[in-house]
Amino acid sequence: VGYSQGLLNQQVDTFLCHQCTPPQALLKLSKQVGFGVSFSDHFFTDCRPTRFQFFNQKISVILTALTKCAEVRYQCKDNQVVLVAAPVKHKIWGMVIDSSGERLSGVFVKIGDASACTNEFGYYNLEASKGKYVIYTRYFGYESTVAKPLQVFGDQEVEIVLKQQKSLPAVTISDTLGSRMGRNARQSDGHYLLFKSRFETMGSPGGEHDLMRLVAEQPGIQTGVDGLGGIHVRGGNADQNLILLDDVPVYNPGHMLGIFSIFNPATLSNTKLWKGDFPARYGGRVSSVLDVRLRDGNDQEFHAQVGAGLFAANALVEGPIVRGRGSFLLAGRITYFDPIISLLHQRPNVLSGDSSDTRPEYQYYDLNLKANYQLNKANRVYFSVYLGGDQFYNPYEITNEVNTGGRYIDRYDLGSDWGNKVVAARWNYIFPQKNMFVNTTLRYSEFEYNSDLGFKSVFETPDRVARDVANYAQAYRTLISDVSVKSDFTYNTSEKWQWRWGGAVTRHVLRPGALSVNFKLPKQGQVSIDSLESLLANRERRVNYEIEAYLETTYSPTPHWQVLAGINTSLFSTDNVVYPLVLPRVQVVHTHGRGWSQWLALTKNGQNLHQIGSFNLSLPFELWVPTTSKIKPETARQVNVGFGKADDTWSFQTELYYKKQLNTLLLRSANDALLAGGAEDGSGWEDRVSTGQGASRGLEVSAHKTSGNTRGSVAYTLSRTTRQFEDVNLGRPFLFRFDRTHDFKINLRQRINRWLDTEVAWAYATGNPITLSGVKYTHQSPDVAFSTPRDVVYFSAVNSYRLPAYHRLDATFNFHFGEKTRIRHNLQVGAYNVYNRANPFYILVDASGGIPGKAKQYTLFPTLPVLRYEIRI
Amino acid sequence: MYRKFLLPTWVVACLFGLGCTQDIIIDLPLLPTRMVLVSYLSPDMPLSARLTLSAPIESNDKPQVPRGATVTLYEGENLVERLTQVNSNDPTYWEAAMLPVPNKTYSIRVESPDYPALEATTSIPPPVKIKSLDFDMYDTTIIDLGDHRKALRIPITIEPEAIPADAPYFAFSLNAEVTNYILDDEGNPTDEINYTTEFEPQYIVDGRTIALLHDIPEPVILINEKYWDESTRTIRLEVIIPYDERNEQPTSLDLKWRTLSPAFYAYHLSLARQGNGSPFNDPDAVYSSFDDGYGVFGGYSTYEEVVQFF
């Protein structure tokens, strides 16, 4: 406010104006004191006549009181007071939902000049002046604009209901044509939005729709062959991905060793993916965040969905608990592999060698339950449970005839089961008129792996008299579980500043691997009993506490610039040591006309929980272990810079990144005798871990066509990832097992008519590096005269040989029937790996084959049919 | 037996693809044939070596010997001795007469007209003695194995005199001696010794220890350097010595404690890390003392302690 100090500070003994409007009072004051005043009458159209009465007050105080009811400010110059319009910003907040009551995350909302995106719970807030507005929204799969005009007259809550588009477009990733920064596939805070409808049309083995296959389509993300071994983001290990199911970390996101994910597609809402440059509110992992949210369930009417593919069937029911206030969702999925396995198992397998007497059984299952209830306008509670796991059982017998007569019958019973339990109780609270939202969650997450092996050996004499020779059982257990409470606050102080802060306290319990043996025959190999009991008496159980806090802000100084800055801190207590982690993160984004945008992100991430295996394949029996006094927290620094362009039809972006990892872990296998059930005893793991570093750099290019009847995407990654450990590969750097120099993915979707579309996808990637050798020699001790020679296969370097390139073509036809009726049907038919490419996931060299280069190649998936039928009511 | 179970769960993944294994021919990273030398220096033992040639991995032939090779030992720059093949039945075996001593630097050079020369340098580390070798008589037990077979179970604790921070490289071996007595006519043992047997006894250790002990193709157990830390300065073993209670008596336990040169340790540790054929447990690179060949030229010194049983 500019003013003449003398005039405004002048004291007025008495000023009285009974039942005056502000204009009347202003004119009276100006005459009484003797200054000029100018204003427009319409400034005060909402003001009512009031009694004004002041004694011994400064003029500035009186002016402030007189203009309080209007959105004006005053200026004073040369004995003249001028009133000018000064619109007041009012707080507008609420939820964005669809017609079923589903809260929608990541919706772009624009009211006047102000805009915002909804948070994970569909909450938005922004500020607008008084006036009449059209609310503009943009969200994939929903009508773009809500025509209902909004009259802003003060702070108010506005619930926005979006209407679903009748026909589902098939866009790979949400472009951000409507987003505030107008950027490309990469969203305003660095995430990529993965839409459920997208992976429902992709070809996958047996027709099992899977979120992880869509994740793996993104540039910069690698998997093992056909998905085996988890996802590896920008050269990171699989355990370096923070995978959240409704904000609860999941420790084993895969079934069948990662080939399928645990996420039942019917239950999913949209998913956010960050490739390293994640906001400060996420912590605990160094490579990526995959934030998977379940749908809330329809709070208006009951619906059901049943689907079946070649391998699994799923069912879902949802509906209101109280119409418009609460809903539930219940879903299950189970596999039926047995007929397929029986069919394939007519021939000997790797387990049993030449024996054909095997009866393996395998299945996985998932169960989801989610419920929510709105207590009142400000309070909503949620409860969700996930239970899921894998079960494997393989009994078989091997018979060995003895030359002297009789035979040994060895019976093996191997059973393994593993799975996750995830529970979350959540409370959302909106501070009325404070532009603040708080989410508090009580979380529980557990992953357990159990393996049991029974062995019984019977000697049968020629006259069929049987005698037990050995009979014992062996069990392996490993577990990780967390209990935590977490609170997250969202607060907008102004149009330019948005804040988030929060914290969590977590209690981690880990059993890094315990093996035990029970003998069932009396006096059976007592020396061995003692040995094994002592050897395998690993009862290690660790309890760690972690406190995490974060603060992040989004600052938009102009419509074209945005700065996201934040800091994530944590304290991790272990072995009487407390490790602090301070992880700063900053992103700067600039957009300008015609859809162009550029960004730069600098990120430091850290993690205190690690899954250790020989080569970080994230297999279920690999051990989850904490940071300890001997093992420091893993950290990673990443810088990425990129630019993109998006319009209504096309989007394009390219990004460069460099990531440096420190304290990366690798478990060195111990004695063979400790391996059992595919698992490895965790004894002494702290001293078997190698600590090293990793580096990854790459260029990612992608383009999407996002409208029209023909749509598709192309993604290419050029990258190189290395690891270096002091005591691996003789201390020299070596290629990461999931390093792929070139990675190219293309898919094309064609809408043929209202009820039929087709999709073709092709992927090509440089083969994974593995360790192979073509040379051997004989080691024989010179110290011992008659020492036994031993063949040594000479490996000159780790991962110095590349498997043949991986490539695969998938094709599907998707039929949609009854789109306009209450009962809808979807049918998907097609083929996975259409041209039956034998992509090797492992090569076993025959060291005594006599034929140069002879090897046995293992392939996971030949051509597989894709067949899936779904009915939705 | 355990090998049957190494890969069970991942095989689940193969269940779809049991028809998906196929024999293929690939271009393996074939390296040219090179000489392979395995030779150790140890005090009071004549230097010996084994010299062979590498072979393609598919070869089933016996190890070949380089034609016209010479093996020469130097102390510093000075020629010490030329090794000779002493056994015509075993042309891979070479020997010298000299007895090396600790703390001196020796070089070995192998030359052949057909292959690049091998050259490496090493020394014998000074022996780290055993500060104490304790066995607890009160915890010693006798296990009944049935049929007159017994086993003496003796807890022993080995404490080296020092753990060098920069080279904590050790290996050990155990040898038990059991005396067999002549039986009299009534089947009772007499005082007359029939014979004595020596063998490597089994032993029991905790899970961490077994995970950090490596079986190597030498008559010793290699101790991983990570075994040692501030709180772990000893190794505790429970030695099991089986015997026949009617006419046998365990009489002694012999501990040989080796202090290893870095080359000896690195080579054998790399051999111990060759995986187990699992696709999920890849092998490590093999250490070589030679730039243009394979094998090891290392040294060790031995300290011996014997425990007598009465």
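Read the figures in this text as sums done on the coordinates, not as results from a lab. All of these numbers come straight from a predicted model, not from anything done at the bench. As a convention, Cβ positions derive from the backbone with ideal geometry for all residues, glycine included, and neighbour counts pool all protein chains shown.
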*Label point distance in nm, B:E81-A:A695, each placed 7 Å from Cα along Cα→Cβ*: 4.8 nm
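Let me spell out the model: positive unit charges on the Cβ of Lys and Arg, negative unit charges on the Cβ of Asp and Glu, origin at the Cα centre of the range A:725-873. What dipole size does that give, in debye rounded to 20?
With only Lys, Arg, Asp and Glu charged at Cβ, the dipole is about 820 debye.
Once fully extended, how much extra length lies between B:R233 and B:D291, figured as 0.36 nm per residue of separation less the alpha-carbon to alpha-carbon distance? Spell out each step's value before the answer.
Details: separation 58, 0.36 × 58 = 20.88 nm, distance 3.55 nm.
That pair, B:R233 and B:D291, stretches by 17.3 nm at full extension.
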_Can you tell me, using C-alpha contacts under 8 Å and at least 6 residues apart, the relative contact order of the range A:698-847 as a whole percent?_
18 percent
*Given the options B:L237, B:L73, B:L31, state which has the largest fluctuation in a GNM of chain B using a 10 Å cut-off (strictly under) for Cα springs.*
B:L31
*Calculate, in nm to one decimal, what A:T64 and A:Y444 gain on full extension: separation in residues at 0.36 nm each, minus their alpha carbon distance.*
131.3 nm
*In a GNM of chain B with a 10 Å cut-off on Cα contacts, which of B:L79, B:L255, B:L118 has the highest mean-square fluctuation?*
B:L79
*Taking the dipole about the Cα centre of chain B, with the C-beta of Lys and Arg at +1 and of Asp and Glu at -1, give me whichever of B:I216, B:L31, B:A117 is farthest to the positive side.*
B:L31
*Residue-averaged [θ]222 nm for the protein assembly as shown, counting only DSSP H segments that reach four residues, each worth -39500 (n - 2.57)*: -1500 deg cm²/dmol
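Mind sorting A:L864, A:L666 by how few other Cβ atoms lie within 10 Å of their own Cβ, fewest first?
Working: A:L864 24, A:L666 19.
The fewest-first ordering by Cβ neighbours comes to A:L666, A:L864.
As an exercise, identify the GluC sites (Glu not before Pro) in the range B:76-169 lying in DSSP coil whose Cβ has no more than 15 other Cβ atoms within 10 Å.
Working: sites: B:E77, B:E81, B:E95, B:E111, B:E119, B:E161; in loops: B:E77, B:E161.
Sites meeting the loop and neighbour criteria: B:E77, B:E161.
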*Within straight cross-link reach of A:K604, meaning Cα distance under 21 Å, which lysines are found once same-chain residues fewer than 8 apart are removed?*
A:K272, A:K275, A:K632, A:K659, A:K660
_Residue with peak Gaussian network fluctuation, chain B [Cα springs, cutoff 10 Å], from B:Q85, B:Q22, B:Q249_ = B:Q22
*Towards the positive end of the charge dipole of chain A, with charges on Cβ (+1 Lys, Arg; -1 Asp, Glu), say which of A:T574, A:V760, A:V81 has the farthest Cα.*
A:V81
*Please report how many Lys pairs in chain B have alpha carbons closer than 21 angstrom, counting only residues at least 8 apart along the chain or sitting on separate chains.*
6
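Mind sorting B:W228, A:W685, A:W596 by how few other Cβ atoms lie within 10 Å of their own Cβ, fewest first? Walk me through the numbers on the way to the answer.
Working: B:W228 20, A:W685 25, A:W596 15.
Fewest-to-most ranking of B:W228, A:W685, A:W596: A:W596, B:W228, A:W685.
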*Among all the aspartates and glutamates, which ones have a C-alpha under 16 Å from A:K776's C-alpha, if same-chain residues fewer than 8 places away are not counted?*
A:D791, A:D846, B:D27, B:E58, B:D61, B:D284, B:D292
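What list do you get for A:H560, B:H268 if you sort them by fewest beta carbons within 10 Å? Walk me through the numbers before you get to the answer.
Numbers: A:H560 14, B:H268 24.
The fewest-first ordering by Cβ neighbours comes to A:H560, B:H268.
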*Rounded to the nearest 10 degrees, what's the angle between the helix B:262-271 long axis and the longest principal axis of chain B, both from Cα atoms, 0 to 90?*
90 degrees
_If the rule is a partner Cβ under 4.7 Å, which cysteines in chain A fail it?_
A:C76, A:C117
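For chain B, give me the percentage of DSSP beta bridges that are antiparallel, rounded to the nearest 5 percent.
Numbers: 84 of 90 bridges.
The antiparallel fraction comes to roughly 95 percent.
Expressed as a rounded percentage, what relative contact order does chain B have, with Cα pairs under 8 Å and six or more residues apart?
20 percent
Quick one: dipole size for the protein assembly as shown, taken about the Cα centre, charges +1 on Lys/Arg Cβ and -1 on Asp/Glu Cβ, in debye to the nearest 20. Walk me through the numbers before you get to the answer.
Numbers: 116 positive and 126 negative charges, 1729 e Å.
Dipole of the protein assembly as shown, to the nearest 20 debye: 8300 debye.
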*Where does the longest stretch of chain A lie that holds no GluC sites (Glu not before Pro) found in a DSSP loop with 11 or fewer other Cβ atoms within 10 Å?*
A:160-725
_Under Karplus coefficients 6.51, -1.76 and 1.60, residue-wise ³J(HN,Hα) of the range B:32-41 in Hz, glycine/proline x_ = x, 4, 9, 6, 10, 10, 10, 8, 10, 9
*Hey, which of these cross-link pairs are over 21 Å Cα-Cα: A:K196/A:K421; A:K28/A:K58; A:K130/A:K496?*
A:K196/A:K421
_Spelling out what I want: for every residue of the range A:302-309, take phi, set θ = phi - 60°, compute 6.51 cos²θ - 1.76 cosθ + 1.60 (Karplus), and round to whole Hz; glycine and proline get x._
7, 9, 9, 8, 10, x, 8, x
*Dipole axis of the range A:721-873 (+1 Lys, Arg; -1 Asp, Glu on Cβ), positive-most option in A:F817, A:G850, A:V834*: A:F817
*Given a cut-off of under 8 Å on Cα pairs at least six residues apart, what relative contact order in percent is computed for the range A:51-154?*
19 percent
